[in-house]
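Beneath this line is the structure, given in C-alpha coordinates, with notes to follow.
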Amino acid sequence: MKTLKIFAAGLVLGAILIVLGVYLYFVTGKAPVAASAEPMPFEVMLAHRALNARIQKEMPDHAPIAADEANLVAGAKTYREHCAICHGLPGRPETAIAKGMYPHPPILLEGKGVTDDEPGETYWKVANGIRLTGMPGFSQSLSSTQMWQVSLLMAHADKLPKAVADEFSAASSPDLGGKSAPAK
Ligand code: HEC
(Lines give C-alpha, C1' and ligand atoms only; values in the text may rest on other atoms or scores of the structure.)
Protein backbone atom coordinates (compact mmCIF):
# COMPACT_ATOMS: atom_id res chain seq x y z
CA MET A 1 0.00 0.00 0.00
CA LYS A 2 2.79 2.37 1.01
CA THR A 3 4.77 1.72 -2.17
CA LEU A 4 1.61 2.38 -4.17
CA LYS A 5 1.24 5.79 -2.50
CA ILE A 6 4.87 6.71 -3.20
CA PHE A 7 4.41 5.59 -6.79
CA ALA A 8 1.24 7.71 -7.18
CA ALA A 9 2.95 10.74 -5.63
CA GLY A 10 5.87 10.23 -8.04
CA LEU A 11 3.49 10.19 -11.01
CA VAL A 12 1.79 13.42 -9.90
CA LEU A 13 5.13 15.11 -9.26
CA GLY A 14 6.42 13.95 -12.67
CA ALA A 15 3.32 15.35 -14.41
CA ILE A 16 3.71 18.69 -12.62
CA LEU A 17 7.40 18.91 -13.61
CA ILE A 18 6.57 18.25 -17.27
CA VAL A 19 3.87 20.96 -17.32
CA LEU A 20 6.23 23.36 -15.51
CA GLY A 21 9.05 22.58 -17.94
CA VAL A 22 6.87 23.28 -20.99
CA TYR A 23 5.55 26.48 -19.35
CA LEU A 24 9.09 27.70 -18.59
CA TYR A 25 10.22 26.86 -22.15
CA PHE A 26 7.59 29.29 -23.48
CA VAL A 27 7.70 32.10 -20.88
CA THR A 28 11.49 32.35 -20.74
CA GLY A 29 11.64 33.09 -24.47
CA LYS A 30 13.27 29.80 -25.50
CA ALA A 31 10.52 28.75 -27.93
CA PRO A 32 11.28 29.87 -31.51
CA VAL A 33 8.95 32.68 -32.60
CA ALA A 34 10.88 34.35 -35.44
CA ALA A 35 9.93 33.37 -38.99
CA SER A 36 13.62 32.63 -39.54
CA ALA A 37 14.00 30.34 -36.47
CA GLU A 38 14.29 26.55 -36.48
CA PRO A 39 11.00 24.72 -35.66
CA MET A 40 10.22 23.65 -32.09
CA PRO A 41 10.81 20.01 -31.13
CA PHE A 42 7.95 17.91 -32.65
CA GLU A 43 6.35 21.05 -34.15
CA VAL A 44 6.53 19.94 -37.78
CA MET A 45 5.50 16.34 -37.08
CA LEU A 46 2.54 17.29 -34.89
CA ALA A 47 1.33 20.06 -37.18
CA HIS A 48 1.40 17.74 -40.22
CA ARG A 49 -0.36 14.92 -38.37
CA ALA A 50 -3.15 17.25 -37.20
CA LEU A 51 -3.57 18.81 -40.64
CA ASN A 52 -3.66 15.49 -42.49
CA ALA A 53 -6.14 13.95 -40.06
CA ARG A 54 -8.52 16.91 -40.48
CA ILE A 55 -8.19 16.98 -44.28
CA GLN A 56 -8.84 13.23 -44.60
CA LYS A 57 -12.07 13.77 -42.66
CA GLU A 58 -13.32 16.80 -44.57
CA MET A 59 -11.94 16.90 -48.13
CA PRO A 60 -14.39 16.55 -51.03
CA ASP A 61 -13.76 13.25 -52.87
CA HIS A 62 -14.14 14.47 -56.43
CA ALA A 63 -13.98 17.71 -58.43
CA PRO A 64 -17.36 19.01 -59.67
CA ILE A 65 -15.75 20.48 -62.83
CA ALA A 66 -13.54 18.97 -65.58
CA ALA A 67 -9.79 19.60 -65.87
CA ASP A 68 -10.27 20.96 -69.41
CA GLU A 69 -8.27 23.75 -71.01
CA ALA A 70 -10.78 26.50 -70.21
CA ASN A 71 -10.80 25.62 -66.49
CA LEU A 72 -7.00 25.28 -66.34
CA VAL A 73 -6.52 28.69 -68.00
CA ALA A 74 -9.03 30.24 -65.58
CA GLY A 75 -7.14 28.54 -62.74
CA ALA A 76 -3.88 30.03 -64.05
CA LYS A 77 -5.42 33.52 -63.92
CA THR A 78 -6.50 33.00 -60.30
CA TYR A 79 -3.03 31.59 -59.50
CA ARG A 80 -1.27 34.57 -61.07
CA GLU A 81 -3.40 37.02 -59.11
CA HIS A 82 -3.55 35.29 -55.71
CA CYS A 83 -0.86 32.62 -55.37
CA ALA A 84 2.20 33.55 -57.46
CA ILE A 85 3.38 36.14 -54.95
CA CYS A 86 4.19 33.30 -52.52
CA HIS A 87 4.36 30.13 -54.64
CA GLY A 88 6.15 31.64 -57.63
CA LEU A 89 5.84 31.44 -61.41
CA PRO A 90 7.92 29.12 -63.64
CA GLY A 91 11.25 30.72 -64.56
CA ARG A 92 10.72 33.80 -62.36
CA PRO A 93 12.83 34.71 -59.34
CA GLU A 94 11.41 34.19 -55.87
CA THR A 95 9.67 37.29 -54.43
CA ALA A 96 10.90 39.12 -51.31
CA ILE A 97 7.74 37.96 -49.51
CA ALA A 98 8.32 34.27 -50.28
CA LYS A 99 11.98 34.52 -49.24
CA GLY A 100 11.15 35.81 -45.77
CA MET A 101 8.42 33.35 -44.84
CA TYR A 102 8.61 30.44 -42.40
CA PRO A 103 7.48 27.89 -43.26
CA HIS A 104 8.69 28.54 -46.77
CA PRO A 105 5.92 28.45 -49.44
CA PRO A 106 6.56 25.38 -51.62
CA ILE A 107 7.09 25.71 -55.39
CA LEU A 108 3.85 24.34 -56.86
CA LEU A 109 4.32 24.70 -60.62
CA GLU A 110 7.76 23.16 -61.12
CA GLY A 111 8.84 19.62 -60.28
CA LYS A 112 6.34 17.38 -58.52
CA GLY A 113 4.56 20.21 -56.64
CA VAL A 114 1.29 18.75 -55.33
CA THR A 115 0.57 16.68 -58.46
CA ASP A 116 0.50 13.56 -56.28
CA ASP A 117 -2.24 14.97 -54.01
CA GLU A 118 -5.96 14.56 -54.73
CA PRO A 119 -7.44 17.82 -56.10
CA GLY A 120 -9.91 17.62 -53.16
CA GLU A 121 -7.02 17.84 -50.69
CA THR A 122 -5.62 20.94 -52.42
CA TYR A 123 -9.14 22.39 -52.58
CA TRP A 124 -9.44 22.01 -48.78
CA LYS A 125 -6.10 23.82 -48.28
CA VAL A 126 -7.04 26.64 -50.67
CA ALA A 127 -10.48 27.09 -49.11
CA ASN A 128 -9.42 26.86 -45.44
CA GLY A 129 -5.77 27.87 -45.43
CA ILE A 130 -3.16 26.29 -43.15
CA ARG A 131 -3.10 27.72 -39.66
CA LEU A 132 0.09 29.41 -38.39
CA THR A 133 1.92 29.01 -41.71
CA GLY A 134 0.96 32.12 -43.71
CA MET A 135 -1.04 30.02 -46.21
CA PRO A 136 -4.32 32.02 -46.43
CA GLY A 137 -7.80 30.52 -46.72
CA PHE A 138 -9.64 31.83 -49.78
CA SER A 139 -13.22 30.74 -49.10
CA GLN A 140 -14.27 34.33 -48.41
CA SER A 141 -12.60 35.86 -51.46
CA LEU A 142 -12.80 33.26 -54.27
CA SER A 143 -15.83 31.35 -55.58
CA SER A 144 -15.94 27.60 -55.20
CA THR A 145 -15.46 27.29 -59.00
CA GLN A 146 -12.34 29.49 -58.89
CA MET A 147 -10.92 27.38 -56.03
CA TRP A 148 -11.58 24.15 -57.98
CA GLN A 149 -10.00 25.63 -61.13
CA VAL A 150 -6.80 26.53 -59.29
CA SER A 151 -6.80 23.15 -57.45
CA LEU A 152 -7.07 21.29 -60.79
CA LEU A 153 -4.24 23.46 -62.11
CA MET A 154 -2.05 22.37 -59.16
CA ALA A 155 -2.99 18.69 -59.72
CA HIS A 156 -1.99 18.91 -63.41
CA ALA A 157 1.05 21.16 -62.96
CA ASP A 158 3.33 18.57 -64.63
CA LYS A 159 1.26 18.42 -67.86
CA LEU A 160 -0.23 21.85 -68.54
CA PRO A 161 -1.41 22.95 -72.02
CA LYS A 162 0.41 25.77 -73.83
CA ALA A 163 -2.51 28.15 -73.27
CA VAL A 164 -1.68 28.06 -69.55
CA ALA A 165 1.96 29.01 -70.16
CA ASP A 166 0.66 31.96 -72.21
CA GLU A 167 -1.53 33.05 -69.29
CA PHE A 168 1.51 32.97 -66.99
CA SER A 169 3.69 34.95 -69.37
CA ALA A 170 1.06 37.73 -69.25
CA ALA A 171 2.25 38.48 -65.69
CA SER A 172 4.78 41.30 -65.54
CA SER A 173 6.31 39.97 -62.33
CA PRO A 174 5.31 37.44 -59.70
CA ASP A 175 4.13 40.13 -57.33
CA LEU A 176 1.26 41.29 -59.38
CA GLY A 177 -0.48 40.27 -62.51
CA GLY A 178 -0.07 43.15 -64.99
CA LYS A 179 -0.08 42.67 -68.74
CA SER A 180 3.29 44.31 -69.56
CA ALA A 181 6.38 42.52 -70.88
CA PRO A 182 7.73 39.70 -68.71
CA ALA A 183 10.29 40.86 -66.13
CA LYS A 184 13.79 39.37 -66.22
C1 HEC B 1 1.01 34.75 -48.30
C2 HEC B 1 1.65 33.63 -48.96
C3 HEC B 1 0.77 32.60 -49.62
C4 HEC B 1 -0.21 32.79 -50.57
C5 HEC B 1 -0.70 34.11 -51.16
C6 HEC B 1 -0.66 31.48 -50.95
N7 HEC B 1 0.01 30.52 -50.25
FE8 HEC B 1 -0.22 28.50 -50.41
N9 HEC B 1 1.12 28.20 -48.93
C10 HEC B 1 1.85 29.18 -48.30
C11 HEC B 1 2.73 28.56 -47.32
C12 HEC B 1 3.70 29.31 -46.42
C13 HEC B 1 2.52 27.18 -47.39
C14 HEC B 1 3.25 26.08 -46.60
C15 HEC B 1 2.38 25.59 -45.48
C16 HEC B 1 3.00 24.45 -44.72
O17 HEC B 1 4.23 24.34 -44.65
O18 HEC B 1 2.25 23.63 -44.19
C19 HEC B 1 1.50 26.99 -48.41
C20 HEC B 1 0.99 25.74 -48.76
C21 HEC B 1 0.16 25.53 -49.84
C22 HEC B 1 -0.25 24.22 -50.30
C23 HEC B 1 0.15 22.88 -49.69
C24 HEC B 1 1.42 22.39 -50.33
C25 HEC B 1 1.82 21.00 -49.91
O26 HEC B 1 2.97 20.62 -50.17
O27 HEC B 1 0.99 20.29 -49.35
C28 HEC B 1 -1.05 24.43 -51.40
C29 HEC B 1 -1.71 23.36 -52.27
C30 HEC B 1 -1.14 25.85 -51.61
N31 HEC B 1 -0.40 26.50 -50.64
C32 HEC B 1 -1.86 26.44 -52.63
C33 HEC B 1 -2.04 27.81 -52.76
C34 HEC B 1 -2.90 28.41 -53.76
C35 HEC B 1 -3.64 27.66 -54.84
C36 HEC B 1 -2.87 29.76 -53.53
C37 HEC B 1 -3.64 30.84 -54.27
C38 HEC B 1 -5.06 30.68 -54.38
C39 HEC B 1 -1.96 30.00 -52.41
N40 HEC B 1 -1.49 28.79 -51.96
C41 HEC B 1 -1.65 31.25 -51.90
C42 HEC B 1 1.77 30.54 -48.55
C43 HEC B 1 0.90 31.15 -49.43
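Output the residues belonging to segment 99-108 that are more than 9 Å from the ligand (Cβ to nearest atom) and touching a Gly at 6+ places or on another chain (Cβ under 9 Å). 107, the sole residue that qualifies.
Candidates 74, 66, 70, 98: the one that is out of contact with any strand residue (DSSP E or B) (no Cβ under 8 Å at 6 or more places or on another chain) and closer than 18 Å to residue 118 by Cα is 66.
For segment 127-148, taking the residues that are aliphatic (A, V, I, L, M) and out of contact with any His (no Cβ under 9 Å at 6 or more places or on another chain), the one that is surrounded by the fewest Cβ atoms within 10 Å (Cβ to Cβ) is identified as 132.
Residue count for segment 22-44 under the criterion of being over 30 Å from residue 119 (Cα atoms) and either surrounded by 10 or more Cβ atoms within 10 Å (Cβ to Cβ) or not small (Gly, Ala, Ser) (or both): the result is 15. Against the list (1) under 15 Å from residue 152 (Cβ atoms); (2) away from the ligand (no atom under 12 Å from the Cβ); (3) of a type in the set (S, T, N, Q), the condition residue 56 fails is (1).
In segment 162-177, is there at least one residue being of a type outside the set (A, V, I, L, M, F, W, C), modelled with pLDDT of 95 or more and either in contact with a Ser or Thr (Cβ under 9 Å, 6 or more places away or on another chain) or assigned to a loop (DSSP other than H, G, I, E, B) (or both)?
No, segment 162-177 contains no residue that is of a type outside the set (A, V, I, L, M, F, W, C), modelled with pLDDT of 95 or more and either in contact with a Ser or Thr (Cβ under 9 Å, 6 or more places away or on another chain) or assigned to a loop (DSSP other than H, G, I, E, B) (or both).
Count of segment 95-108 residues, restricted to those that are touching a residue at least 12 places away in the same chain (Cβ under 8 Å), more than 25 Å from residue 161 (Cβ to Cβ) and assigned to a loop (DSSP other than H, G, I, E, B), is 5.
With the structure loaded, tell me whether residue 158 is within 8 Å of the ligand (Cβ to nearest atom) and either assigned to a loop (DSSP other than H, G, I, E, B) or surrounded by 14 or more Cβ atoms within 10 Å (Cβ to Cβ) (or both) or whether it fails that test. Spelling it out, it is not the case that residue 158 is within 8 Å of the ligand (Cβ to nearest atom) and either assigned to a loop (DSSP other than H, G, I, E, B) or surrounded by 14 or more Cβ atoms within 10 Å (Cβ to Cβ) (or both). Only one of the numbered conditions (1) within 10 Å of the ligand (Cβ to nearest atom); (2) surrounded by 15 or more Cβ atoms within 10 Å (Cβ to Cβ) is violated by residue 72, and that is (1). Scan segment 24-33 and give yes if some residue there is in contact (Cβ under 8 Å) with a residue 40 or more places away in the chain and not acidic (Asp, Glu), otherwise no. No, segment 24-33 has no match at all. Just so you know, in segment 109-143 the residues that are touching a residue at least 60 places away in the same chain (Cβ under 8 Å) and assigned to a helix (DSSP H, G or I) include one that is farthest from the ligand (Cβ to nearest atom), and it is 120.
So that you can scan it fast, the table gives a plain yes or no per residue for (1) at pLDDT below 95; (2) surrounded by fewer than 16 Cβ atoms within 10 Å (Cβ to Cβ); (3) more than 25 Å from residue 37 (Cα to Cα):
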| residue | (1), (2), (3) |
| --- | --- |
| 82 | no, no, yes |
| 86 | no, no, no |
| 89 | yes, no, yes |
| 105 | no, no, no |
| 109 | yes, no, yes |
| 113 | yes, no, no |
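Once segment 45-69 is narrowed to residues that are part of a helix (DSSP H, G or I) and more than 17 Å from the chain's Cα centre (by Cα), the residue that is surrounded by the most Cβ atoms within 10 Å (Cβ to Cβ) is 69.
The values are calculated or read from the model by the stated rules, or taken from the named source; none is laboratory data. It should be emphasised that the depicted structure is a prediction, and the values quoted were computed from it without experimental measurement. Because the Cβ atoms are built from the backbone with ideal geometry, glycine has one as well, and the counts that use them run over all protein chains shown.
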